[in-house]
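The values are calculated or read from the model by the stated rules, or taken from the named source; none is laboratory data. Predicted model only: the values in this text are computed from it and were never measured. Ideal geometry is used to build each Cβ from the backbone, glycine not excepted, and the neighbour counts take in all protein chains shown. For accessibility, only protein heavy atoms count, side chains too; no ligands or nucleic acids. Shrake-Rupley method; radii C 1.70, N 1.55, O 1.52, S 1.80 Å.
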Amino acid sequence: MRIRACLALVVLATACGREPPTQEEIDDAKTRVDLAIHAANQARLALELLGLLPVYTCGEPRRTFVGQAADGIHAKVACVTASAEARNESTDAVVLSFAEGGCPVNGHTVSGQSAFIYHGGEDRMDLTADLNELMVDGKVLQASVGYGTCGDETRFWTTAAGALPGRPGNTYRVDGRVGVREGAPLFGGTSLVFDGPGEVSGPLGRDRVTFTALEYEVGEFLPKKGQALIETARGHRVQVDFSEVLWRVGKVEVEIDDKAPVTVPIVR
């Protein structure tokens, strides 16, 4: 009777539970998740550099703000040179020049130069910065960042696209939007949050990715919270959940289609 009862429980558990993915499916999903996370990391790097400068305070004269922003950058990064430039009546810029031999920023080595261009006035201010002249850890950071603030809308963004560093043969694109909570953007301090669509293309085909509320501690590779949904070139759906528990040990939870979730390690 005991053996029959145990067998009945096994059959019931199998019927009620979800089928586990095969090892082949896990290996394929892990590779795709790795590529998506590395693509998101490029957007994170760009947003962290945007966060080096303070966000414009509405109502303050633009030229005054730009001068103060340039003067204050050394408090965050001692090895960067910042200069304020008056471009025209409606535009000023802060030019950041990182040490030629490399400047340590949030655990990365940054070199090169970029102009952060402020356009507008006290009622509406737009900032744009092309980061393509910056090198991060010896590789070009192929990204642009910016924001629009004051007026009816506050929007912080990054567009990162190009060859995926460290993953030869793969390209990526991420259009990130920074989270805004209670009127304040969630970046510029010790953490940042962003969402947005993206894609990765390479030997595995083109995967479409949707990032939702990825929350990073500044300088960290993996998000500690959030989700990524990968629609693979093979027609599968891979959901990635990030959690503070798994983040600390370099792992994520992955669910392939409707099969049982598995935990996989991610290497930087």
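Here is a list: S111, S97. Which entry is assigned to a strand (DSSP E or B), open to solvent by less than 30 Å² (accessible area, probe 1.4 Å) and at pLDDT 95 or above?
Numbers: S97 fails: open to solvent by less than 30 Å² (accessible area, probe 1.4 Å).
S111 is the lone residue from the list that is assigned to a strand (DSSP E or B), open to solvent by less than 30 Å² (accessible area, probe 1.4 Å) and at pLDDT 95 or above.
For the stretch 61-86, which positions are surrounded by fewer than 13 Cβ atoms within 10 Å (Cβ to Cβ) and either touching a residue at least 24 places away in the same chain (Cβ under 8 Å) or part of a loop (DSSP other than H, G, I, E, B) (or both)?
P61, R63, A78
Farther than 21 Å from V267 by Cβ and aliphatic (A, V, I, L, M) - does that describe any residue in the stretch 219-235? Spell out how you get there, then give the answer.
Applying the first criterion (farther than 21 Å from V267 by Cβ) to the stretch 219-235 yields 229, 231, 233-235.
Then drop every residue that is not aliphatic (A, V, I, L, M), which leaves 229, 233.
Within the stretch 219-235, one or more residues are farther than 21 Å from V267 by Cβ and aliphatic (A, V, I, L, M).
Is it true that G189 is small (G, A, S), open to solvent by less than 60 Å² (accessible area, probe 1.4 Å), touching a residue at least 60 places away in the same chain (Cβ under 8 Å) and in contact with a His (Cβ under 9 Å, 6 or more places away or on another chain)?
Values: small (G, A, S): yes; open to solvent by less than 60 Å² (accessible area, probe 1.4 Å): yes; touching a residue at least 60 places away in the same chain (Cβ under 8 Å): yes; in contact with a His (Cβ under 9 Å, 6 or more places away or on another chain): no.
Spelling it out, it is not the case that G189 is small (G, A, S), open to solvent by less than 60 Å² (accessible area, probe 1.4 Å), touching a residue at least 60 places away in the same chain (Cβ under 8 Å) and in contact with a His (Cβ under 9 Å, 6 or more places away or on another chain).
Just to be sure, is V209 surrounded by 18 or more Cβ atoms within 10 Å (Cβ to Cβ) and either at pLDDT 95 or above or on the phi > 0 side of the Ramachandran plot (or both)? So that I can check it myself, show each step before the final result.
On the way: surrounded by 18 or more Cβ atoms within 10 Å (Cβ to Cβ): yes; either at pLDDT 95 or above or on the phi > 0 side of the Ramachandran plot (or both): yes.
Taking the combined requirement at face value, the residue satisfies it.
Checking Y172 against (1) in contact with a Ser or Thr (Cβ under 8 Å, 6 or more places away or on another chain); (2) under 22 Å from F187 (Cα atoms), which test does it fail?
Among (1) in contact with a Ser or Thr (Cβ under 8 Å, 6 or more places away or on another chain); (2) under 22 Å from F187 (Cα atoms), Y172 violates only (2).
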